[in-house]
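Chemist: Sharing a structure here in structure tokens format.
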Amino acid sequence: MKRLPTLFEAVSTIVVMGIIVLIGFGILQFPIQPLLILAAIYAGFIAIRVGLSWEEIQDGITKRLATAMPAIFIIIAVGILIGTWMFSGTVPALIYYGLEMINPTYFLVTAFIITAVTSVATGTAWGSVGTAGIALMAIGSEMNIPAGMIAGVVIAGGVFGDKMSPLSDTTNLAALVTKVNIFHHIRHMMWTTVPASVIGLVIWFFAGLQFNAENVESKRINTLLGNIDTAFNLNFWVWVPVIVIVIGISMGKPTVPMMLLSSAVAMVVGIFNNGFDLVDAFNVTMNGFDISMTSLSNNDASNSMVELVKRGGIMSMTEIIVTIFCGYAFAGIVEASGSLKVILSTISSKISKDSHLIFVTIAGSLILVFAAGVASVVIIMIGVLLMDVYDERSLDRVNLSRTLEDCGTMVLPFIPWGTSGIYYRDLLHVSLGDFFWWAVPCYLCVIFAAFYGMTGISIKKVDTKA
């Protein structure tokens, strides 16, 4: 006979998963995938205890994986985009002009602004980090700036844009679920996002003072610039793939089709502008770009050049996709067993003040985002569960929609088994420990949300007289 799990059983699924990942991944450096499967086995044990059959457990996993498919489509499209933008010379051009123009002292501040603007314009953090972010990682590396520092800044910039863009899927979802106007939602998020970003900019500015032109190995950079100039024909045409995707997305076209269209244009540019081979144009979509596709030989190209261009392709994203499958197996079982429902219901039953409601929203969002590893689950489940409670306390739902993003969208990069955490780690080749402290706005938004909840500042009330 089916039943809901006890609170102990429900909480144990999260606690056991946290212990397994902390010890196995954080301390012993085991691969994350088998650890997630191990956590899913324990969650399955709890599911069987409450009366679920294997078919029902399997159905729960399948349903959760179905929600991940849009993200997987984007991941595959990003792999193709990175490979083809290398092929067209688009990313190399960004690196070339970035190395010539950006002052190392202001690099971190500039990197945040570039990725934030790119992300606002496109509505995707993954896309902006996968294109502008990769270029900035390469530029910063040549300036001897630590990779973790750069990664934290570009991730923060990407997530900022993803949160504040009217084109973003999570921004639209938060407004849709809570039934608030999207621009009211974005405006209310400025209370947390703007001060968090300003503090980040100040920290990055002072951190950047340690880097100056004297730290830059000019010979190494000049060699890299010469290699790029030899391998690619840098002119107007290398920017066409960027123009295509920006215009398409700004017109409200779907992100994945526009990424694929931009990739197709990049393939044409690479063939006719750079003189690359047609076969290689298709190879980069699968296996990524390689220096052997250019007129440079491995002997002529610097190590920086070889490592710089060897990126992209669908195959470069396979580890990310496999990890998502493993993580979502755990999330699907936890949800199907009713464990999340029990935890959230228990938390929501303790509300007696407005500040309690904000803290419950924060705590519930953090618990759920760490369990599911994706913001959409948080927005839908917490939003639906608490929406009426906000109405009962005459609190405007923009408080709910803002907090869902502060404690959902913003913290996604910090979840090693979540889609975003996996994506950034594998794409930028940095660990969570390397970039965590430098992704300043991502954790400050949670702190500001808690501060506002405690003080009542910016907590908007519904005008009951209207």
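The values are calculated or read from the model by the stated rules, or taken from the named source; none is laboratory data. If you're wondering where the values come from, they're calculated on a predicted model, not measured in any experiment. Here the Cβ is made from the backbone with ideal geometry for all residues, glycine too, and neighbour counts use every protein chain on show. Surface areas here come from the heavy atoms of the whole protein model, side chains and all, with no ligands, DNA or RNA. Shrake-Rupley method; radii C 1.70, N 1.55, O 1.52, S 1.80 Å.
Chemist: Which of the residues that make up segment 432-466 are surrounded by fewer than 17 Cβ atoms within 10 Å (Cβ to Cβ), among the small types (Gly, Ala, Ser), at negative phi and not in a helix (DSSP H, G or I)?
Modeler: Across segment 432-466, the qualifying residue is only 466.
Chemist: For segment 388-417: of the residues being of a type in the set (A, V, I, L, M) and either within 29 Å of residue 431 (Cβ to Cβ) or open to solvent by 20 Å² or more (accessible area, probe 1.4 Å) (or both), which is modelled with the lowest pLDDT?
Modeler: 389
Chemist: Give the residue, chosen from 318, 323, 361, that is without any contact (Cβ under 8 Å) to a residue 12 or more places away in the chain, in a helix (DSSP H, G or I) and over 20 Å from residue 6 (Cα atoms).
Modeler: Result: 318 is the single residue among 318, 323, 361 that is without any contact (Cβ under 8 Å) to a residue 12 or more places away in the chain, in a helix (DSSP H, G or I) and over 20 Å from residue 6 (Cα atoms).
Chemist: Now, a different point. Could you please give the count of residues in segment 117-131 that are open to solvent by 10 Å² or more (accessible area, probe 1.4 Å), at pLDDT 75 or above and among the aliphatic types (A, V, I, L, M)?
Modeler: 2
Chemist: Something else about it: Scan segment 157-164 and give yes if some residue there is in contact with a Leu (Cβ under 7 Å, 6 or more places away or on another chain) and either closer than 29 Å to residue 421 by Cα or at pLDDT below 80 (or both), otherwise no.
Modeler: Checking segment 157-164: not a single residue is in contact with a Leu (Cβ under 7 Å, 6 or more places away or on another chain) and either closer than 29 Å to residue 421 by Cα or at pLDDT below 80 (or both).
Chemist: Next up: Suppose we filter segment 98-113 for residues that are open to solvent by 20 Å² or more (accessible area, probe 1.4 Å) and free of Cβ contacts under 8 Å to residues at least 60 places away in the same chain; how many remain?
Modeler: Residues meeting the conditions: 4.
Chemist: Additional query: How many of the residues in segment 164-187 are open to solvent by less than 40 Å² (accessible area, probe 1.4 Å), in a helix (DSSP H, G or I) and more than 15 Å from residue 400 (Cβ to Cβ)?
Modeler: Qualifying residue count, segment 164-187: 1.
Chemist: Which pairs turn up if I take residues in segment 279-291 that are outside any helix (DSSP H, G or I) and look for partners that are open to solvent by 50 Å² or more (accessible area, probe 1.4 Å) and of a type in the set (Gly, Ala, Ser) with beta carbon separation below 7 Å, at least 6 apart in sequence or on another chain?
Modeler: What qualifies is 288/316.
Chemist: Among the residues of segment 2-17, which ones are of a type outside the set (S, T, N, Q) and open to solvent by 30 Å² or more (accessible area, probe 1.4 Å)?
Modeler: 2, 3, 4, 7, 8, 11, 14, 15, 16
Chemist: Turning to a different aspect of this structure: Given the options 28, 36, name the one that is under 27 Å from residue 321 (Cα atoms) and open to solvent by less than 70 Å² (accessible area, probe 1.4 Å).
Modeler: Unique residue meeting the criteria: 36.
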